[in-house]
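Engineer: Pasting a structure here, questions to come.
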Amino acid sequence: MKKILIALAFVCGVMNAQAQALPTNLIPAPAEYSVRPGSISSKEMVGLHEKVRISEKALLRRLEGRKLEDWQLKSAYLLELGKKGVNQRSTQVKIVAADEEGVFYARQTLRMMASLDSSVACCTILDWPRFRYRGVMLDESRHFQGKAFVMKQLEMMALLKMNRFHFHLVDNPGWRVQIDAYPRLTHLTAWRPQAFFWDWEKNEIGGPFVEEGTPGAYGGYYTKQDIAEILSFANERHIEVIPEIEMPGHNYETRYAFPELACSLPGGGKDPWELCPGKESTFEFLEKVLLEIFDMFPSQYIHIGGDEARKNNWKICPDCQARMKAEGLKGAEELQSYMIKRMERFAHEHGKRIIGWDEILQGGLAPDATVMSWHGIEAGLQAVREGHDVIFTPTHYYYLDYHQDPAQFRPVGRLVSLEKVYSFEPLAKQKADGQGESQGVSEADAHHVLGVQGNLWTEHVQDAWHAEMMLYPRVFAIAETGWSQADRKDWPDFERRASVMSAVARKWGYTVYPPSTQK
Ligand code: ACM
Ligand code: ZN
C-alpha cells in the first residue's frame, strides 16, 4: 500500500510539473499562452506567410479589458499560429499589435519557437512586458570588444526581447569613443602595452598608455561612423543604446590626457581618478564632450556614472574649497551632488535625462535623476521613496563578472549562479544580499521601478569567448525577469528552457557556460 501511495504521489507530481511547464521552450515566458489543435514542424516554420494587423483598437479588443500601461501596449502582441484549409494542411500566422514594436516582438517569438521547439505547437499567445527597461551593460574600457561583438550581443538581446544596451564607453583604462573636440582622449588613452587589464593596472593605479599607431599596442575605440552603425543595428531591433560618460571618478585616462583637470595639488592629488569639480574648466570639458555624445546618441538618457569617487583630493584642493565656500556646500558629498545636479541641468537644456550609479544619492539627489541601484537594492528603494525612477542591477545577483561556478575560468567575486540570477525579484521585500527583508516597493511606487540590467565588467574578461561565457546563460534569466509577468516565473521550467536555449545559442556560434548546478 505504501508503495502504491508513493507511486501515486510520484505520478501526481509529474503530472503537476507537466501542467505547469510551458509547451514551448520559449524565453522569456509569454504572459498568456494557450495550445490550439495541431503542430508545425520547424521546417514548415521557415518563410510562413504572416497576416499582420497594426491597430490599437483591434489589440485592445483581444486584450478584453486587461489593463496595460501605454508603454506595455506599444510592445504587446497577439500571435495566433494555427492550421487551416483542406485537411488542415496550410499554416496560418496572425499577428495583431498596436505598434511596429509589438509586431517585432511577435516575430521574435516566432523565430525563437522555430529554433527552440522541435515541433511547434499551434497556439494563441497574448504577450506584453512586465518592465520597460530590460538591459545589459558592457564595460568596453577595461577590455575592448568592438563593433562585431556588440552587434552579435544586440542580436541575442533582441531575441530575448531586451531593449536597453548600456554602453560603458569610458573609464580609467581607456577612452573608447571619438570626440572631435578632444582627439587627445583616444589618441593618447585608447591603447596600452599590456593586453590583459591586470597586467596593466597594478595596485589600483593605472598603468601606461601608448599613442595610437604604436606597433603591437592593445586597445581601440569607436569612431562616430562605428557608433552610427551600431545605433542603426540596435534601432532596427528596438534597442535603445544608452552611453555612459563617467564623472567625477573613474577618470584616470582623462587626467592622463588632460592633467590640468585634476585638483590643484602635487601630481593632481593622492586619488588618481577624480576630476576637480572646483575648476570651471572641468565643466567646460564635460559639457563639450556631452554635446558630441548627445549628437551621436538619440537616447533620451545619458548615464553620467557618479560611482566610487574617493573625494580625498577635494577636501584639500584650493579650487574645491573655494567652490564649496561659494556655493555653501557642507563637504565633499555635497560637492559631488553640486556637480551631478549641474550636469543634470545641462542635460535638461539639451532635452536629456540623467542616469547615475547609486552614489549620486550622496549629498542630495538631482531632481529628475534615475538611479542605477548596484550596491544592493536599498539605495534604489530609497530613491523610489523619494519619487525617483530606479533600475535594479544588484551586485550579488546581476554582476556578470562574478563566477557561475567555482570551477569556472578566472572565478571572481561571489557565486552568481543561473538560479541566483533568476531568483531576483525587483518588487519583493528581499534584501539584495539575501539576508532578511527589505521594505520592498509599494504598489503605488512600483511604476518607478523601470526594470533590470545585467552588468558585464571586464577587469577579468579579456576576449569575446570569455565575455559571452559570462553573459550566457545568465542573460536569459535577466530577460525573463524583465519581460515575463511575475506569475509566469518558474525556476524548474526556466531551467529546462534555458538548457534548450543554451544548446541552440551554441549552434548559432555563441559561447554559453553550462548552466550551473551550484545554488
Ligand atoms: C560599479 O560597480 N562601480 C558601478
Ligand atoms: Zn579640486
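Engineer: Out of the residues in the range 61-82 that are open to solvent by 80 Å² or more (accessible area, probe 1.4 Å) and more than 30 Å from the chain's Cα centre (by Cα), which is nearest to residue 116 (Cα to Cα)?
Structural biologist: By that ranking, first place goes to 62.
Engineer: Here are 405, 389: which of them is closer than 30 Å to residue 335 by Cα and charged (D, E, K, R)? Before the answer, list the steps.
Structural biologist: On the way: 405 fails: closer than 30 Å to residue 335 by Cα.
Step by step, each of 405, 389 is checked, and only 389 is closer than 30 Å to residue 335 by Cα and charged (D, E, K, R).
Engineer: State which residue pairs qualify: first residue closer than 19 Å to residue 346 by Cβ and inside the range 264-286, second residue of a type in the set (Val, Ile, Thr) and within 16 Å of ligand 1 (Cβ to nearest atom) in any location, beta carbons under 9 Å apart, and separation of 6 or more residues or different chains.
Structural biologist: Partner pairs satisfying both residue conditions: 286/245; 286/304.
Engineer: Report, ordered by the first and then the second residue, all pairs with beta carbons closer than 8 Å, sequence separation of six or more or different chains, a first member in the range 448-465 that is in a helix (DSSP H, G or I) and modelled with pLDDT of 95 or more, and a second member that is of a type in the set (S, T, N, Q) and away from ligand 1 (no atom under 12 Å from the Cβ).
Structural biologist: 464/145; 464/511; 465/511
Engineer: Check the range 269-277 and report whether any residue there is of a type in the set (Phe, Trp, Tyr), under 24 Å from residue 190 (Cα atoms), within 16 Å of ligand 2 (Cβ to nearest atom) and at pLDDT below 95. Walk me through it before giving the result.
Structural biologist: Here is the first cut: in the range 269-277, the residues of a type in the set (Phe, Trp, Tyr) are 273.
Adding the requirement that they be under 24 Å from residue 190 (Cα atoms) leaves 273.
After this cut, where a residue has to be within 16 Å of ligand 2 (Cβ to nearest atom) as well, the list is 273.
Filter again for at pLDDT below 95, leaving 273.
Checked against the condition, which is being of a type in the set (Phe, Trp, Tyr), under 24 Å from residue 190 (Cα atoms), within 16 Å of ligand 2 (Cβ to nearest atom) and at pLDDT below 95, the range 269-277 yields at least one hit.
Engineer: Can you name every residue in the range 285-339 that is within 16 Å of ligand 1 (Cβ to nearest atom), more than 30 Å from residue 228 (Cα to Cα) and of a type in the set (D, E, K, R)?
Structural biologist: 308, 310, 311
Engineer: Right, another one. Somewhere in the range 211-227, is a residue among the polar types (S, T, N, Q), surrounded by fewer than 12 Cβ atoms within 10 Å (Cβ to Cβ) and under 24 Å from residue 150 (Cα atoms)?
Structural biologist: Taking the range 211-227 as the starting set, the residues that turn out to be among the polar types (S, T, N, Q) are 214, 223, 225.
Narrowing the set further to residues that are surrounded by fewer than 12 Cβ atoms within 10 Å (Cβ to Cβ) leaves 225.
From the residues that got through so far, the ones that are under 24 Å from residue 150 (Cα atoms) too are 225.
Yes, because at least one residue in the range 211-227 is among the polar types (S, T, N, Q), surrounded by fewer than 12 Cβ atoms within 10 Å (Cβ to Cβ) and under 24 Å from residue 150 (Cα atoms).
Okay, residues lined up against (1) outside any helix (DSSP H, G or I); (2) modelled with pLDDT under 95; (3) over 11 Å from residue 29 (Cα atoms):
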| position | (1), (2), (3) |
| --- | --- |
| 477 | no, no, no |
| 481 | no, no, no |
| 493 | no, no, no |
| 501 | no, no, yes |
| 511 | yes, no, yes |
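Conditions (1) of a type in the set (A, V, I, L, M, F, W, C); (2) closer than 24 Å to residue 230 by Cα; (3) touching a strand residue (DSSP E or B) at 6+ places or on another chain (Cβ under 9 Å), marked per residue:
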{"position": "154", "(1), (2), (3)": "yes, yes, yes"}
{"position": "165", "(1), (2), (3)": "yes, yes, yes"}
{"position": "168", "(1), (2), (3)": "no, yes, yes"}
{"position": "186", "(1), (2), (3)": "no, yes, yes"}
{"position": "201", "(1), (2), (3)": "no, no, no"}
{"position": "208", "(1), (2), (3)": "no, no, yes"}
{"position": "219", "(1), (2), (3)": "no, yes, yes"}
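Engineer: Here's another thing I want to ask about it. Using the structure shown, decide if residue 403 is without any contact (Cβ under 8 Å) to a residue 40 or more places away in the chain and in contact with a Pro (Cβ under 7 Å, 6 or more places away or on another chain). Outline the logic, then answer.
Structural biologist: Values: without any contact (Cβ under 8 Å) to a residue 40 or more places away in the chain: yes; in contact with a Pro (Cβ under 7 Å, 6 or more places away or on another chain): yes.
Answer is yes for this residue.
Engineer: Moving on. Quick one: which residue in 475, 416 is within 26 Å of residue 69 (Cα to Cα) and out of contact with any Asp or Glu (no Cβ under 6 Å at 6 or more places or on another chain)? Working first, answer last.
Structural biologist: Details: 416 fails: within 26 Å of residue 69 (Cα to Cα).
Residue meeting the stated conditions: 475.
Engineer: Take the residues in the range 300-339 that are surrounded by fewer than 23 Cβ atoms within 10 Å (Cβ to Cβ) and of a type in the set (S, T, N, Q), then tell me which one is nearest to ligand 2 (Cβ to nearest atom).
Structural biologist: 321
Engineer: Next question. Only one of (1) open to solvent by 20 Å² or more (accessible area, probe 1.4 Å); (2) over 18 Å from residue 30 (Cα atoms); (3) at pLDDT 95 or above is not met by residue 140, so which one is it?
Structural biologist: (1)
Engineer: Would you kindly identify the helices (runs of 4 or more DSSP H) lying entirely within the range 261-344 that contain at least 3 residues that are within 27 Å of the chain's Cα centre (by Cα)?
Structural biologist: Working: elements: 280-296, 312-316, 318-327.
Fully inside the range 261-344 and qualifying: 280-296.
Engineer: Now, a different point. So which of 107, 89 is modelled with pLDDT under 95 and either closer than 30 Å to residue 304 by Cα or out of contact with any Gly (no Cβ under 9 Å at 6 or more places or on another chain) (or both)?
Structural biologist: Details: 107 fails: modelled with pLDDT under 95.
Testing whether each residue is modelled with pLDDT under 95 and either closer than 30 Å to residue 304 by Cα or out of contact with any Gly (no Cβ under 9 Å at 6 or more places or on another chain) (or both) leaves just 89.
Engineer: Quick one: which residue in 498, 464 is open to solvent by less than 10 Å² (accessible area, probe 1.4 Å), away from ligand 1 (no atom under 16 Å from the Cβ) and at negative phi?
Structural biologist: On the way: 464 fails: open to solvent by less than 10 Å² (accessible area, probe 1.4 Å).
Of the residues listed, the single one that is open to solvent by less than 10 Å² (accessible area, probe 1.4 Å), away from ligand 1 (no atom under 16 Å from the Cβ) and at negative phi is 498.
The values are calculated or read from the model by the stated rules, or taken from the named source; none is laboratory data. A quick note: this is a predicted structure, and the numbers were derived from the prediction, not measured. Every residue, glycine as well, gets a Cβ built from its backbone with ideal geometry; the counts of neighbours run over all protein chains shown. Protein only, heavy atoms only, side chains kept; ligands, DNA and RNA dropped before computing areas. Shrake-Rupley method; radii C 1.70, N 1.55, O 1.52, S 1.80 Å.
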